[in-house]
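Let me begin by presenting the structure, written as structure tokens, before commenting on it.
The values are calculated or read from the model by the stated rules, or taken from the named source; none is laboratory data. Because the structure is predicted, anything quoted here is derived from the model rather than measured. Cβ placement follows ideal geometry from the backbone for every residue including glycine, while neighbour counts extend to all protein chains displayed.
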Amino acid sequence: MRKTSYVVSFFAVLLTLVLNLFSLRRPDWLVVTTELFNMKEIEHYGLTQYCDLKIMTVPGMPNGSDIRYTDYNCRPFPARVADACEKENHYFCIVWTTAGFFSELAAGFAALSCLALVFGVTTHSRRRRIWRAVAALVAIHALLLIATFAIVTDTYVNNLLPIFQNARPGVAYVLGTVAWVLAVLVTFGVVVTGMAASRGHRWAAGNRAYEPIQG
């Protein structure tokens, strides 16, 4: 493969890694909003933490304005006691924790993919061979991201946690979706370019196209 192809692939994989890390750390894969009288509560459910925002508005002040009180707290999620992981929500906690584990594992494979791309770009001879390893690493990265997305989506659609019947996808959900779609495209691009380079196509192999060894 051309050095340019490796450089483009490196930045594409790096982008998926960044998107994955943001979606992993953000507490808003699913968001539940509840309004009651002067109180508004927004619950954020992330892969590793839960954040609760309470907003209370006190109207009718002498100057005609309203006073707003806010309370924002976060904690690890799911928690064994707070989320009843040892009782009725046992299955949900296992599934949700697995989604978080897959996301972390995906980040690891993305990092390995970046290292392989850096290693492969160093010499022409290595670029001839290492694209297969890069394609495999990126493919595993993509599959793990898809698994994370599928688990969260299934949990959301089937309301494994009763409160999720009022939930909507948040920013982290969107970032996770973009990450796995991009990872699939990168995998496809690496495979197509690598195969074309192996066959000697100059657009993929460059000026020093791969030549079969003559006996």
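Numbers at a glance
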quantity	calculated
Some residue of the range 64-78 being surrounded by 12 or more Cβ atoms within 10 Å (Cβ to Cβ), among the hydrophobic types (A, V, I, L, M, F, W, C) and in a loop (DSSP other than H, G, I, E, B)	yes
One residue from Ala147, Ala107 being modelled with pLDDT of 85 or more and out of contact with any Phe, Trp or Tyr (no Cβ under 6 Å at 6 or more places or on another chain)	Ala107
Thr97 vs. criteria within 15 Å of Tyr45 (Cα to Cα), in contact (Cβ under 8 Å) with a residue 12 or more places away in the chain and not in a loop (DSSP other than H, G, I, E, B)	yes
Qualifying position, being buried (at least 16 other Cβ atoms within 10 Å of the Cβ), under 30 Å from Val192 (Cβ atoms), of a type in the set (Gly, Ala, Ser) and at pLDDT 95 or above, among Ser5, Ser23	Ser23
Phe164 within 18 Å of Pro27 (Cβ to Cβ), touching a Phe, Trp or Tyr at 6+ places or on another chain (Cβ under 6 Å) and not polar (S, T, N, Q)	yes
Enumeration of residues in the range 34-62 that are in contact (Cβ under 8 Å) with a residue 24 or more places away in the chain and surrounded by 13 or more Cβ atoms within 10 Å (Cβ to Cβ)	Glu43, His44, Tyr45, Gly46, Leu47, Thr48, Gln49, Tyr50, Cys51
Filtered residue count, the range 89-141, keeping only those that are over 27 Å from Leu175 (Cα atoms) and out of contact with any helix residue (DSSP H, G or I) (no Cβ under 9 Å at 6 or more places or on another chain)	4
Filtered residue count, the range 80-111, keeping only those that are of a type in the set (D, E, K, R) and surrounded by 15 or more Cβ atoms within 10 Å (Cβ to Cβ)	2
Filtered residue count, the range 133-153, keeping only those that are of a type outside the set (A, V, I, L, M, F, W, C) and touching a residue at least 24 places away in the same chain (Cβ under 8 Å)	2
Number of positions in the range 113-140 that are farther than 15 Å from Val8 by Cβ and either surrounded by fewer than 16 Cβ atoms within 10 Å (Cβ to Cβ) or modelled with pLDDT of 85 or more (or both)	14
